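To keep things clear, I will list the structure first and then write my remarks on it.
FYI, it's all coordinate maths here, none of it is from the lab. Everything quoted here is computed from the prediction, not taken from an experiment. Neighbour counts run over all protein chains shown; Cβ positions are idealised from the backbone, glycine included.
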Amino acid sequence: MPLSIIHYPHPTLRHKSQPIRRVDRELKTWVAEMFDLMYEHEGVGLAANQVDLPYRMFVMNPTGNSQEKDAEQVLINPVLSKMKGQQEGNEGCLSIPGVHADVMRAKTLHVEAFDLAGNLIEADLDGFAARVVQHENDHLDGILFIDRLSDGNLAEIRGLIDEFEVDFQSRLATGEAPTEEQVAKKLAELERLRT
């Protein structure tokens, strides 16, 4: 079944993702689909739980340009460290489309992760790339950018967030959206397969 981007407040977005123990053809197919979805929706990053998968992995291309393949990265089981400085910047999220706000993030960081070939990736990042990595890594811990907003910034977009919650509740009532129990069962099965 093809992947699709899930929207807030879908329960998988709050699920703490599990480390990946092996890379196989299915995982590589998912990564390709994630890049396609990211570009289709004009994003610069996409985490596995945004496509309803419970794994510690995200794809990114800070340029947002599908032609710039050199800028594409797949980060499996990322670990962030040496986070320094602070910088505020505007963020959005493909799981909360149309909502943007200023978020405070570390200015620089060190990241270690694995690529699809099992190679260790290490990089010191700053600026926009560092922001993308922090945003996507938060997803893997069930944290959304709206959780990091100041009270004032959150108040400005509260009405938009409420609309997503009302929409999800109405889809839950008609059976179009999955219940927390259904999501938990699906994620547990997926975790058994790969972690």
Mind checking the full-extension length gain between THR179 and ALA155? Use 0.36 nm per residue of separation minus the Cα-Cα distance, one decimal, nm.
-> 5.9 nm
Sequence-distant residues sharing a close amide H with ILE121 (under 5 Å, placed H) = ALA113, PHE114, ASP115
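Please report, in cubic angstrom per residue, the volume enclosed by the convex hull of the alpha-carbon atoms of the stretch 11-194.
Considering the Cα atoms of the stretch 11-194, their hull volume per residue is 119 Å³.
Around VAL103, with a cut-off of 14 angstrom between Cβ atoms, what is the net charge of the other residues, counting Lys and Arg +1 and Asp and Glu -1?
Neighbourhood net charge equals -4.
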Expected vector for the stretch 47-54, Karplus 3J(HN,Hα) from phi with 6.51, -1.76, 1.60 and θ = phi - 60°, integer Hz, x for Gly and Pro, equals 8, 4, 6, 6, 10, 6, 10, x
Using the Cα gyration tensor of the stretch 128-195, with a ≥ b ≥ c the square roots of its eigenvalues, what is the shape: rounded (a/c below 1.5), prolate (a/b larger than b/c) or oblate (neither)?
-> oblate
Computed [θ] at 222 nm, helices only, for the chain once each DSSP H run of length n ≥ 4 contributes -39500 (n - 2.57) = -11500 deg cm²/dmol
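Rounded to the nearest 0.05, what FRET efficiency do LYS28 and ALA71 give with R0 = 22 Å and r taken as the Cβ-Cβ distance? Could you check?
Working: r = 19 Å, r/R0 = 0.86.
That pair, LYS28 with ALA71, gives E of 0.70.
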How many angstrom separate the Cα center of the stretch 25-104 from the Cα center of the stretch 111-180?
-> 10 Å
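Lys and Arg at +1, Asp and Glu at -1: add these up for the other residues within a Cβ distance under 15 Å of ARG25 and post the number. Please report the intermediate quantities before stating the final value.
Details: positive: ARG22, LYS28, ARG194; negative: ASP24, GLU26, GLU33.
Local net charge: 0.
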Computed E for ASP126/HIS41 - FRET, C-beta separation, R0 35 angstrom, nearest 0.05 | 0.85
Between GLN86 and SER170, with labels modelled 7 Å along Cα→Cβ, what's the label distance in nm to one decimal, could you check?
-> 3.9 nm
For the stretch 77-187, share of DSSP beta bridges that run antiparallel, in % to the nearest 5 = 100 percent
Can you list the HN-Hα couplings for the stretch 121-137, worked out from phi with the Karplus curve (6.51, -1.76, 1.60; θ = phi - 60°), rounded to whole Hz and with x for Gly and Pro?
-> 10, 10, 8, 9, 10, 9, x, 5, 4, 5, 5, 4, 4, 5, 4, 5, 5
Net charge (Lys, Arg +1; Asp, Glu -1) of residues whose beta-carbon lies under 15 Å from that of GLN73, GLN73 excluded, is -4
